[in-house]
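To keep things clear, I will list the structure first and then write my remarks on it.
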Amino acid sequence: MGEIKGTTRVCGLIGNPVGHSISPVIHNTLADLCGIDMVYTTFKVEKGAVDTAVKGAHALDILGLNVTVPHKQEVIGALESVDPLAEAIGAVNTLVRTEHGYKGYNTDILGLERELEEEQVELKDSPVILLGAGGAARAIAFLCVSKGAKEVAILNRTEEKAAVIAEDVNRHLQSKAAYAMKLSDYGKLTGENYVVIQTTSVGLYPNCDDAVIEDEDFYKRAAVGVDIIYNPAETKFMKLMKAQGKPAYNGLKMLLYQGIIAYELWNKCEVSEETAAHILQKMKEEMGIHE
Ligand code: ATR
């Protein structure tokens, strides 16, 4: 890490817990590689103290903050303004300093968008299947519909949660593209060439042999699979995709790019592909990801 001086700008992560986060590695390595006089650390913030923390951060001239669990929704009330996509999603993970407060963004979803672009996974006019209906699925459903997906089938064990997301997305974006299905009804999907995005926690280390759907006929209908899990590096879902000859990607680049995009917003810079590759390698080393 570069020397901390009187001129060093501070950024950080607010959440609880924060000690396990990879974000300090991402941002402090970026600062080193880009030669920017900035340091990044974590701030544990209790529930109910978010507003005070954000106002205090502004008073302390803190350049930017990331926000993690459990504050991604609550923080919105403490902001000066919110990016429209983040506002629609209802979750903010990045605060960028403005004169009178912070502007909120959701770089988790912008990170996935950049990963999909890089892997040439096209959402526009594509049929999409989302597996799961938690916070991540909600954000991804907004991304898919806003990018012009032909249809977005949200499949969840608890169908009602998928229905709430589908209704919210369609209403906000004045679309009919999103719809809910019970996970076990996947056999009713008769289309072809789906972009399938796996957002459930099923398959996460140490349950590496689990996938929400095992049936190979399901994977035959896919064009490509994206799992937002990154540990293990190759999930069962990805293996099932690849067994049908379909490309499959994990969520590590989504995590990388959510950090890079936040960094670019704070420092008004563009991180090169070479630097991004370097950070990705460093993340792999630090995180003890199971291959
Ligand atoms: P996140 O905010 O990261 O998306 P979450 O809100 O906890 O996480 O959502 C977890 C998702 O994984 C949910 O869609 C959950 O399904 P339910 O809504 O029915 O609970 C899904 N999930 C978790 N364990 C599952 C399992 N064993 N089988 C099927 N789905 C599962």
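The values are calculated or read from the model by the stated rules, or taken from the named source; none is laboratory data. Bear in mind that the values here come from a model prediction, so they are computed numbers and not experimental data. Cβ coordinates were reconstructed from backbone atoms using ideal geometry, including for glycine residues, and neighbour counts include every protein chain displayed. Areas reflect the complete protein model, heavy atoms only, side chains present, ligands, DNA and RNA absent. Shrake-Rupley method; radii C 1.70, N 1.55, O 1.52, S 1.80 Å.
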With the dipole of the range 1-125 defined by +1 on each Lys or Arg Cβ and -1 on each Asp or Glu Cβ, the option from Ile4, His27, Gln120 whose Cα lies farthest towards the positive pole is Ile4
For Lys246, the lysines lying under 26 Å Cα to Cα, once residues fewer than eight places off in the same chain are dropped, come out as Lys124, Lys147, Lys150, Lys182, Lys188, Lys220, Lys236, Lys284
Lys161 neighbourhood, Cβ < 12 Å, K/R = +1, D/E = -1, net charge -1
By the Kirkwood definition, with r running over pairs of different Cα atoms, the range 19-95 has a hydrodynamic radius in Å of 13.6 Å
Classified through the alpha carbon gyration tensor (a ≥ b ≥ c as square roots of its eigenvalues; rounded if a/c is under 1.5, else prolate when a/b is larger than b/c, else oblate), the range 1-130 comes out oblate
Here the percent of antiparallel bridges among DSSP beta bridges lying wholly in the range 1-155, to the nearest 5, is 30 percent
Expressed in nanometres to one decimal, the distance between label points 7 Å along Cα→Cβ at Asp210 and Ala223 is 3.1 nm
So, with points 7 Å from each Cα along the Cβ direction, the Cys34-Glu273 label distance in nm works out to 1.9 nm
Charge tally for neighbours of Gly19 with beta carbon under 15 Å away, counting Lys, Arg as +1 and Asp, Glu as -1, is -1
Per its Cα gyration tensor (rounded if a/c is under 1.5, else prolate when a/b beats b/c, else oblate), the range 77-164 is best filed as oblate
With the 1.4 Å probe rolled over protein heavy atoms, the range 1-134 has an accessible area per residue in Å² of 44 Å²
Expressed as a percent, the portion of alpha-carbon pairs in the range 216-291 spaced more than 14 Å apart is 66 percent
Checking rank on 242-250, 141-149, with mean other Cβ inside 10 Å and highest first, the result is 141-149, 242-250
FRET efficiency for Glu167 and Thr190 from the Cβ-Cβ distance with R0 = 22 Å, rounded to 0.05, comes out at 0.40
With +1 on the Cβ of every Lys and Arg and -1 on the Cβ of every Asp and Glu, the dipole magnitude of the chain about its Cα centre, in debye rounded to the nearest 20, is 420 debye
Excluding ligands, DNA and RNA, the carbon-plus-sulfur percentage of the accessible area of the chain with a 1.4 Å probe reads 49 percent
Taking 180-192, 227-239 and ranking on average Cβ neighbours within 10 Å, highest first, one gets 227-239, 180-192
By the Cα gyration tensor axes a ≥ b ≥ c (a/c under 1.5 gives rounded; else a/b larger than b/c gives prolate, otherwise oblate), the shape of the range 133-291 is oblate
Expressed in nanometres to one decimal, the distance between label points 7 Å along Cα→Cβ at Ser201 and Thr7 is 4.6 nm
Restricted to the range 65-151, the DSSP antiparallel beta bridge percent, nearest 5, is 65 percent
So for R0 = 25 Å, FRET eff. of Glu46-Glu99 from the Cβ-Cβ r, to 0.05, ends up at 0.35
Rounded to the nearest 5, the percent of DSSP beta bridges in the chain running antiparallel is 15 percent
If each K or R counts +1 and each D or E counts -1, the residues other than Asp210 whose Cβ falls under 15 Å of its Cβ total -2
